[in-house]
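This report refers to the structure that appears directly beneath it.
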């Protein structure tokens, strides 16, 4: 295979034992560098950890490397799945790697390299802190390979990591796409057009209607639909990924398109049937929800893919898309994370998404994470991106620039969990903790910003001083405004001590709850230091005797309720699996302490799935659970597997209590069966 120059450069640094950051657009072959590193280290008998942001990607990589290197050389740790944990090549989520560094560093003491796939997740608001902690607490001998889509401040990230690790971090930046992208808009009365032309049209209407900035046109334009767009592009631009930021809309759009199109030949339909049958041969569960209706679409070359589907259904869809037997695949954003399924074109049905709190426009990074799937190397000369536009709702300012140079720089999302505070207190002195808390990327970025603003302010003040001696009044006013603006900006830079303040506030919470006394962890604190899901609540419930007192089915119902986040308007199944009021009393007690010392609360407990977990634990069939369920089957499986993950942590934290350990293993065994089990 002929390597690209950037791949050869990255491999050269690895051969010389450097840490390396590779920043390159989607589809350029970054993962080939990781594949080389793993084979290179395996040949030398050295250990490697491969971390991925999501379990689906971890599972995929495990299967790939197991085929390549043999099952004895590869293991996986994802919390709910543990296979061959002493293998030289270990695949795991980033959270597991971070936990090992804190709780069991001897397990990774001989690891030569850690690969961080999708390292730009350091900017993820909910999970980015995990990446920072992993990078900060890596032992000095360990090197890393970070793989990222295009990020403009990769040099800043490398400079921070060089400072943290004390050895150079090499940057390999490859901005060119293997297949260039062309960006279009589609509106039914304009056809395939450009953003600029639509913007000019909008401005003409806005001027005529005397609209304010960012106001929508109050006119009645024909509605543009996904079927209109596929009708326009189906002869030249398929296969296509059609990103749709609603699960239900993915399914509805697929069904609607199926009424108008059948893309497959008779021979291709037979291939689809054979691939589906091959997957069903390894299926040990019962009836597969949605598969019969989805199969009717798949036989027409149309599909949908989202997190609410069972894993086997997603596997079938991914396999068919990879075999080019799906021409149009409606999918949510999760399809763009790590999974490498290039196509000729990418379509967007909207440029706004729900982020868990509100609807907002896509960032440039999110846009290119998905748009970058367009263009198949060695097949297409260009990739094509089409954004569907409803001109009644078109506001130019809400759209991403569609210019890769405008991708937002990475920002630190560092924060301290209670688990982090406990592990710091257990392992480090007060001076060492203060030093560690100054090492994060947020502090580094704030210090660089402060230095930049101080230099600019000094220059602006010098300019103002000059003008006060010789300059007109207008120039002096402008210079004074500039000085005041810079002073305001400087005052808004977060203080260097902010994470020390956060640490102290959370430490007071832990002292109030009797997790810490003086500089020592209590039995509660030692237990919580081994728990990474709702550690405050789990510890309180453990020491209140719930895991000892409840039977296995009740424990499973409780475990699934801890940290569960229901979707908007999700219904709750009533149950008598455990005393909800008694649990809520513990929740409220923790919330009160957190709000008193920190101002907010992190406790999350929702028993919407407790009834289903209880019934599943007692052996009920999955098909029965789904009758009247408010949740998608994929969400139910995800929640049950997260419950297994939590119980595995409790079992580990409980130490040498043989009766409880046996009981918790029974709990996990009751949940980890049939449709919920993972086959790797």
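Annotations
- Taken as a whole, the condition of being more than 26 Å from residue 15 (Cβ to Cβ) and in contact with a helix residue (DSSP H, G or I) (Cβ under 6 Å, 6 or more places away or on another chain) applies to residue 77.
- Residue within the range 520-543 that is farther than 21 Å from residue 428 by Cβ, in contact with a strand residue (DSSP E or B) (Cβ under 6 Å, 6 or more places away or on another chain), in a loop (DSSP other than H, G, I, E, B) and assigned by TED's automatic domain parsing to the domain that holds residue 606 present: yes
- Options 259, 268: the member that is free of Cβ contacts under 8 Å to residues at least 40 places away in the same chain and either crowded, with 16+ Cβ neighbours inside 10 Å or farther than 20 Å from residue 389 by Cα (or both): 259
- Residues in the range 250-268 that are part of a helix (DSSP H, G or I) and in contact with a helix residue (DSSP H, G or I) (Cβ under 9 Å, 6 or more places away or on another chain): 251, 253, 254, 255, 256, 257, 258.
- Screening residue 540 with (1) surrounded by 20 or more Cβ atoms within 10 Å (Cβ to Cβ); (2) closer than 24 Å to residue 638 by Cβ; (3) over 24 Å from the mean Cα position of the chain (by Cα) gives one miss only, at (2).
- Of all residues in the range 128-146 being part of a strand (DSSP E or B) and more than 19 Å from residue 412 (Cβ to Cβ), the one that is nearest to the chain's Cα centre (by Cα): 145
This table checks each residue for (1) within 22 Å of residue 81 (Cβ to Cβ); (2) surrounded by fewer than 18 Cβ atoms within 10 Å (Cβ to Cβ); (3) modelled with pLDDT of 95 or more; (4) over 25 Å from the mean Cα position of the chain (by Cα).
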{"residue": "577", "(1), (2), (3), (4)": "no, no, yes, yes"}
{"residue": "590", "(1), (2), (3), (4)": "no, no, yes, yes"}
{"residue": "595", "(1), (2), (3), (4)": "no, yes, yes, yes"}
{"residue": "600", "(1), (2), (3), (4)": "no, yes, yes, no"}
{"residue": "611", "(1), (2), (3), (4)": "no, no, yes, yes"}
{"residue": "626", "(1), (2), (3), (4)": "no, yes, no, yes"}
{"residue": "675", "(1), (2), (3), (4)": "yes, no, no, no"}
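- Within the range 642-652, the presence of a residue that is outside any helix (DSSP H, G or I) and touching a helix residue (DSSP H, G or I) at 6+ places or on another chain (Cβ under 7 Å) is excluded.
- Flag if residue 607 is at positive phi and either assigned by TED's automatic domain parsing to the domain that holds residue 508 or in contact (Cβ under 8 Å) with a residue 40 or more places away in the chain (or both): no
- Positions within the range 26-74 being modelled with pLDDT under 90 and either assigned by TED's automatic domain parsing to the domain that holds residue 344 or assigned to a loop (DSSP other than H, G, I, E, B) (or both), in sequence order: 26, 27, 28, 29, 53, 54
- Residue in the range 100-108 that is closer than 19 Å to residue 77 by Cα, touching a strand residue (DSSP E or B) at 6+ places or on another chain (Cβ under 9 Å) and in a loop (DSSP other than H, G, I, E, B) present: no
- Residue in the range 166-194 that is farthest from the chain's Cα centre (by Cα), counting only those that are outside any strand (DSSP E or B) and surrounded by 18 or more Cβ atoms within 10 Å (Cβ to Cβ): 188
- Flag if residue 223 is exposed (fewer than 14 other Cβ atoms within 10 Å of the Cβ), touching a strand residue (DSSP E or B) at 6+ places or on another chain (Cβ under 9 Å) and not in a helix (DSSP H, G or I): no
The values are calculated or read from the model by the stated rules, or taken from the named source; none is laboratory data. Every value quoted in this text rests on a predicted model; they were computed, and no experiment measured them. Here Cβ is always computed from backbone atoms with ideal geometry, including for glycine, and neighbour counts include all displayed protein chains.
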